[in-house]
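**Student:** I have a structure I would like to understand better, so I am pasting it below and will then ask my questions one at a time.
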Amino acid sequence: MHEMGIVLHLAKTLDQTAAEEKLSRISKVTLQVGEVSGIITDLFVDAWNYFKPRHPVLADSELVLEEIPAVTWCDSCKSKYETVRYGRTCPYCGSGETWLLQGNECVIKEIEAE
Ligand SMILES: [Zn+2]
């Protein structure tokens, strides 16, 4: 499961951050998840709940997921459009010279600690 791997990596990162910053408990983690990152929120929360008791630092933490909408940039007509709605082809000029500006990320935005 894709989500398990990400959460495992995340838990390790948080353990490390806590050790570096000398935090004993993390109370809240805000994560930004891109609309086309391929992460299924429900599975992600399940995975989080599975790993939580295994990482003392995270035992009482709350997970907040913020979705980042996917936006694609068209290089031919220099415009932006919604990725999920139109895919790789620009709806304004029909060009395929497009690339994803945002929406593929999975990043820690904020950590609150006690
Ligand atoms: Zn275009």
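The values are calculated or read from the model by the stated rules, or taken from the named source; none is laboratory data. Model, not experiment: these values are computed from the prediction. Here Cβ is always computed from backbone atoms with ideal geometry, including for glycine, and neighbour counts include all displayed protein chains.
**Student:** How do the pairs read when you match residues in segment 72-92 that are on the phi > 0 side of the Ramachandran plot with residues anywhere that are more than 9 Å from the ligand (Cβ to nearest atom) and at pLDDT 95 or above, using Cβ under 9 Å and keeping only pairs 6 or more apart or on different chains?
**Tutor:** From residues that are on the phi > 0 side of the Ramachandran plot, the pairs are Gly87/Thr72.
**Student:** I'd like the full set of residues that are crowded, with 19+ Cβ neighbours inside 10 Å and either without any contact (Cβ under 8 Å) to a residue 24 or more places away in the chain or more than 10 Å from the chain's Cα centre (by Cα) (or both), limited to segment 20-35. Reasoning before the result, please.
**Tutor:** Taking segment 20-35 as the starting set, the residues that turn out to be crowded, with 19+ Cβ neighbours inside 10 Å are 26, 29, 31, 33-34.
Within segment 20-35, Ile26, Val29 qualify.
**Student:** Go through segment 10-65 and give me each residue that's touching a strand residue (DSSP E or B) at 6+ places or on another chain (Cβ under 7 Å) and small (Gly, Ala, Ser).
**Tutor:** Ala18, Ser27, Gly34, Ser37, Ser61
**Student:** Looking only at segment 54-90, count how many residues are away from the ligand (no atom under 16 Å from the Cβ), assigned to a loop (DSSP other than H, G, I, E, B) and either loosely packed, with under 12 Cβ neighbours inside 10 Å or among the hydroxyl-bearing types (Ser, Thr, Tyr) (or both).
**Tutor:** Looking only at that region, the number is 2.
**Student:** What is the one condition in (1) more than 14 Å from the ligand (Cβ to nearest atom); (2) surrounded by 13 or more Cβ atoms within 10 Å (Cβ to Cβ); (3) at pLDDT 95 or above; (4) not aliphatic (A, V, I, L, M) that Cys106 does not satisfy?
**Tutor:** (3)
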